[in-house]
Amino acid sequence: ADLSFWLLIHKREIKMRKLDSTKVRPLKSEQLLRIDDHDFAMRPGFGGSPIPVGIDVQVESIDSISEVDMDFTMTLYLRHYWKDERLSFPSTRNRSMTFDGRLIKKIWVPDVFFVHSKRSFIHDTTMENVMLRVYPDGNILFSLRITVSSMCFMDFSRFPLDTQNCSLELESYAYNEDDLMLYWKHGNESLTTDEQISLSQFFIEEFSASSGLAFYSSTGWYNRLFINFALRRHIFFFVLQSYFPAMLMVMLSWVSFWIDRRAVPARVSLGITTVLTMSTIITGVSASMPQVSYIKAVDVYLWISFLFVFLSVIEYAAVNYLTTAEERKQLKKRGKVSGMYNIDAVQAMAFDGCYHDNEADIDMTTFAVHSEESSARGRAASIPNLDATRIKRKRSLKGNVGRIILQNNHVIDTYSRIIFPTVYIVFNFFYWGLYV
């Protein structure tokens, strides 16, 4: 009877232990994976053939592209596949076991790193974004959610009409090809992207996966995987910010050719304003770009536009010089002594900003300064003539302003009105035909 009583109590204790699964499950998991029975400091199959590690990547987003720093930032899901028979366990229903990052430190995992990366981190909100899945036959899936910033060797010779080819490179840090074989798990289909990926300044043309080998003189050959993507720049932003303002400044400089050659303040101020504006545009573009030692496509356009604006200022300097020389020759032909002034011509120019050398339009009354008495007599005699000249000029200017301006144009201005726009149009034709 006592024996039966004790057997009954023992059965009840065993039944209660089975019901208390919170205490039994952790013990079974540790025993099932036999973590303490193996040395996970060594890779699976140590001393034998290299262990194959498959990789697949899902790109979640391309966060930024920096031309100044020549890098890009990408967020992705990185998944590793390999087989470690030391972690195999019996299972009647062939179901896998999933763990978080706490088990990673107790087992062997591939030491994949990003070549040319500047900074990277594993997301940890709300917990560390790490997943480990172990299958009964020892196959393992190890997944991470990572944001990485890596170098991109950009060529700005065609900027902003350029296409940049960047790549994110993966490689084992410690294990060369004799110990670890890194490969794309599903070939070209191992790389997937989110359909919502978009960038403000670039259009993503393609994503592709490739592989190769990297050699280090001290450690040997390593398998390397490449995530390649091509970025074509949107040009509309730069058309509005750089090209279109430069075009307007060049065309504005052509207005100077239609202003009378004697309107010195108007033509000089217009020329200087356009030159300074072009300088500001060039400085603004250069400030947002890396300091490269070669010429970019935008530099070609802006500096040639600057040259057109600068030449318009030089053109007026030549016109003004030749006009002054021509005026001196005319004064000499009329028998004027150096230092003598035509007051009517000066006042006429001050009145309408135009120089008139037609004797029919201006009554050529001159004054020779021989002595104080002759000067006083000349000034007294000129007062009625000046009033008559002003009245005559006001009448002659009505309806004839355009004709007067055209008659007083210099031949250089006449040719510049045709040559400057023609050459600039030809330049634009070749420029856009070459770079687009």
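Could you compute the FRET efficiency for residue 303 and residue 99, with r as their C-beta to C-beta distance and R0 at 56 Å, rounded to 0.05?
About 0.35, to the nearest 0.05.
For each pair in 118/185; 118/296; 83/185, compute the distance between the two Cα atoms and list the pairs where it is over 19 Å.
Violating the 19 Å Cα-Cα cut-off are 118/185; 118/296.
If you plug each phi of segment 280-290 into the Karplus form 6.51 cos²θ - 1.76 cosθ + 1.60 with θ = phi - 60°, what whole-Hz ³J(HN,Hα) values come out, in order, with x for Gly and Pro?
My calculation for segment 280-290 gives 5, 5, 5, 5, x, 5, 5, 5, 9, 10, x Hz in order.
Under 19 Å from a label point 7 Å along Cα→Cβ of residue 409: give me every residue in segment 253-278 with its amide N that close.
Of the residues in segment 253-278, 253-264, 266-268, 271 have backbone N under 19 Å from the label point off residue 409.
Take residue 46 and residue 251, extend 7 Å from each Cα along the Cα→Cβ direction, and tell me the distance between the two endpoints in nm.
7.5
Can you send over the solvent-accessible area of residue 434, 1.4 Å probe, protein chains only, in Å² to the nearest 10?
Rounded to the nearest 10, the figure is 120 Å².
Determine the relative contact order of segment 206-267: mean sequence separation of Cα pairs under 8 Å and six or more apart, normalised by residue count, in whole percent.
The value is 23 percent.
What's the FRET efficiency of residue 325 with residue 165 using the Cβ-Cβ distance as r and R₀ = 56 Å, to the nearest 0.05? Don't skip to the end; give the middle numbers.
On the way: r = 59 Å, r/R0 = 1.05.
Once the sixth-power term is evaluated, E becomes 0.40.
Out of residues 5 or more away from residue 193 or on other chains, whose amide H comes under 5 Å of its own, with H placed 1.01 Å from N in the peptide plane?
Correct list: 59.
Under 5 Å between amide hydrogens, which residues at least 5 positions from residue 202 or on another chain qualify, with H placed 1.01 Å from N in the peptide plane?
234
Compute, for residue 216, the solvent-accessible surface of its heavy atoms (probe 1.4 Å) with the complete set of protein chains present, and express it in square angstrom to the nearest 10.
Approximately 80 Å² for this residue.
Tell me the net charge near residue 62. Cut-off is 12 Å between Cβ atoms, residue 62 excluded, with +1 for each Lys or Arg and -1 for each Asp or Glu.
-4
Please list 67, 195, 177 from largest to smallest accessible area, probe radius 1.4 Å, with all protein chains kept in place. Present the calculation step by step, with values, prior to reporting the outcome.
Values: 67 25, 195 170, 177 70 Å².
So, going from the largest accessible area down, we get 195, 177, 67.
Rolling a 1.4 angstrom probe over the protein chains, ignoring ligands and nucleic acids, what is the accessible area of residue 281 in square angstrom, nearest 10?
Its heavy atoms expose roughly 20 Å² to the probe.
Relative contact order, percent, of segment 57-134 when contacts are C-alpha pairs under 8 Å separated by at least 6 residues?
It rounds to 27 percent for segment 57-134.
Using Cα pairs closer than 8 Å and at least 6 residues apart in sequence, work out the relative contact order for segment 181-235, in percent.
In percent, rounded to a whole number, it is 40.
Could you give me the percent of Cα pairs per 10 Å distance bin for segment 205-295, shortest bin first, beginning at zero and ending with the bin that holds the maximum distance?
In whole percents, the pair-distance histogram is 12, 23, 20, 17, 11, 9, 6, 2.
Could you go through segment 61-72 in sequence order and give the Karplus-derived ³J(HN,Hα) for each residue, using 6.51 cos²θ - 1.76 cosθ + 1.60 with θ = phi - 60°, rounded to whole Hz, and x for Gly and Pro?
Once rounded to whole Hz, the list reads 6, 9, 6, 7, 10, 10, 6, 5, 8, 6, 8, 9.
Quick one: Karplus J couplings for segment 296-312, per residue in order, coefficients 6.51, -1.76, 1.60, θ = phi - 60°, nearest Hz, x for Gly and Pro?
Calculated HN-Hα couplings, in order: 9, 4, 5, 5, 4, 5, 5, 6, 6, 5, 4, 4, 4, 5, 5, 5, 5 Hz.
How big is the Rg/Rh ratio for segment 70-202, C-alpha atoms only, Rh by Kirkwood, two decimals?
Numbers: Rg = 18.1 Å, Rh = 17.5 Å.
Value, to two decimals: 1.04.
So, R0 is 56 Å and r is the distance between the beta-carbons of residue 272 and residue 214; what FRET efficiency does that work out to, to 0.05?
Efficiency at R0 = 56 Å is approximately 0.50.
The values are calculated or read from the model by the stated rules, or taken from the named source; none is laboratory data. The structure presented is a predicted model; accordingly, all values stated were derived computationally and were not measured. Here Cβ is always computed from backbone atoms with ideal geometry, including for glycine, and neighbour counts include all displayed protein chains. Each accessible area value is taken on the protein alone, full model and side chains, heavy atoms only, with ligands, DNA and RNA left out. Shrake-Rupley method; radii C 1.70, N 1.55, O 1.52, S 1.80 Å.
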